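The values are calculated or read from the model by the stated rules, or taken from the named source; none is laboratory data. On a predicted model such as this, the values are computed, not experimentally measured, just so you know. Neighbour counts are summed over all protein chains in view; Cβ atoms, including those assigned to glycine, are modelled from backbone coordinates with ideal geometry. For accessibility, only protein heavy atoms count, side chains too; no ligands or nucleic acids. Shrake-Rupley method; radii C 1.70, N 1.55, O 1.52, S 1.80 Å.
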Amino acid sequence: MSAPGLASVSCPRFAHGVKMRFDEARQQWMLNAPERVLMLDEIAHAILSRCDGERTVDALCRELALEFAAPQEIIQADVMEMLQEMLHRGFIRL
Amino acid sequence: MALLAELTHRCPLACPYCSNPLQLERGTDELDTETWRRILDEAARLGVLQVHFSGGEPLARRDLEHLIAHAAACGLYTNLITSGLPLSAARAGALAAAGLDHAQLSLQDTEAAGADLFGGAHNILARKTEAAAVLRAAGLPITLNAVMHRRNLHHLDAMIDTAVRFGAGRLEVAHVQYYGWALRNRAALMPTRPQIDRATEIVTAARTRLSGVLVIDYVVPDYYASRPKACMGGWGQRFLNVDPVGRVLPCHAATTIPGLQFDTVREKSLAEIWADSTAFNRFRGTDWMPEPCRSCERKEIDWAGCRCQALALTGDAAATDPACTLSPLHTEMFSIAQNEAAGDAPEFIYRRMDGE
């Protein structure tokens, strides 16, 4: 049994039990998972808030390219790398 | 920051590797619901992000659902650390409805006889299989916590398969840590070095095979390690534990350290205790450290290891954790492990309410 690999047509979503919320005390977005907490910077939040299980990685990157006024190829490479890591660490699923 | 809320020491199991203290607290002395609600309010205000409801067995508290609902309303991420005994479908549904985010279910062994032997009760495996099913049916994500030792490490492959079959998203392969009851039973539990090496190989292969399916948490146990663990992420840095009678501890084994005074939530707020208590300040930061820790470049990475382990093995809680190769007692620690693991395993001393 192994999981499908990440592709540009994948629709990533949070793994079960993973929750994103804004922490008022720290004025920061946080990702809570079992026994783990990640503090999210602006970019990480922009990516993860679009991981709704409906958007493809492609669509997500198109939106980010517009929002951050950057070439989509560059954004896509960074996003794939980050999502691959998040997938391996169990924060997201495909 | 995280809060470990030890709601009770009552438990239907009697695991000989329990990390609870030898002197357990009675149900009649436990904090009431109102006090726990106040603790959760204060924890959220203090910056705690996750609360782990633990014990003993937290299901023994009838107000567990209320406390989970209260924690969720405070914005805390809620985790239930449970044996799953006893857990009906209705109770699992009530926990989920209260806002529980995640449950961590322990498993003693993948064979019925072993599960009963290591848990000190009857029909454990079947009841836990049922508990996993009702938690999943209630829509709750689960982590399987597999406590591993010399008597069950040869079932590690089966344990990983079981985690997948139970629908767990995460597996903690938890080598026994030698505190409380586990320290009493060390010789009965200590694995050999080849057993550890084999476990590491199995986990490494499974992590690759199950990437995206199952996350496996695993660390080499202290007695065979070369660097100490950053126990609690550093004393008084990001963890606090409230025990069943309301004492606030920097770690769940801290009551073993002589001379420390613990404040209780019956008298002070969590914020006051966190900032000012002598127990939290005793080993906080790096100023208290002895050499070679004080001048070590890793002092803010591993925080000199574990105080309770330093005490157990050197008699001095302020000593360098012998898990570190730089400790003068490191070789001795390794020898203890090797000798105990090579000897015949003694009978278990089971956890009991009336102490030793």
>> Given the options B:Asp116, B:Asp109, name the one that is more than 14 Å from chain A (Cβ to nearest Cβ), under 16 Å from B:Leu85 (Cβ atoms) and open to solvent by 20 Å² or more (accessible area, probe 1.4 Å).
In response: B:Asp116
> So how many residues does region B:181-198 have that are buried (at least 21 other Cβ atoms within 10 Å of the Cβ) and either in contact with a Leu (Cβ under 6 Å, 6 or more places away or on another chain) or hydroxyl-bearing (Ser, Thr, Tyr) (or both)?
Replying inline: 1
>> It is to be established whether one or more residues within region B:237-251 are within 27 Å of B:Glu340 (Cα to Cα), surrounded by 22 or more Cβ atoms within 10 Å (Cβ to Cβ), touching a Lys or Arg at 6+ places or on another chain (Cβ under 9 Å) and away from every other protein chain (no Cβ under 14 Å).
In response: yes
> For the subset of region A:61-94 comprising residues that are under 24 Å from B:Arg207 (Cα atoms), open to solvent by less than 40 Å² (accessible area, probe 1.4 Å) and assigned to a helix (DSSP H, G or I), which member is farthest from the other protein chains (Cβ to nearest Cβ)?
Replying inline: A:Val79
> Which of the residues spanning region B:28-43 are touching a residue at least 24 places away in the same chain (Cβ under 8 Å) and either more than 25 Å from A:Glu35 (Cα to Cα) or open to solvent by less than 10 Å² (accessible area, probe 1.4 Å) (or both)?
Replying inline: B:Asp29, B:Glu30, B:Leu31, B:Trp36, B:Ile39, B:Leu40, B:Ala43
>> I'm checking my understanding of the structure. Among residues of region B:119-144 that are in contact (Cβ under 8 Å) with a residue 40 or more places away in the chain and within 22 Å of B:Ile349 (Cβ to Cβ), which one is most open to solvent (accessible area, probe 1.4 Å)?
In response: B:Gly120
> What are the residue pairs meeting all of these: first residue in region B:306-321, first residue surrounded by fewer than 20 Cβ atoms within 10 Å (Cβ to Cβ), second residue of a type in the set (Phe, Trp, Tyr), Cβ atoms under 9 Å, and 6 or more apart or on different chains?
Replying inline: B:Ala312/B:Tyr178; B:Ala312/B:Tyr179; B:Ala318/B:Phe283; B:Ala318/B:Trp288
> Quick one: how many residues across region A:28-60 are away from chain B (no Cβ under 12 Å) and assigned to a loop (DSSP other than H, G, I, E, B)?
Replying inline: 8
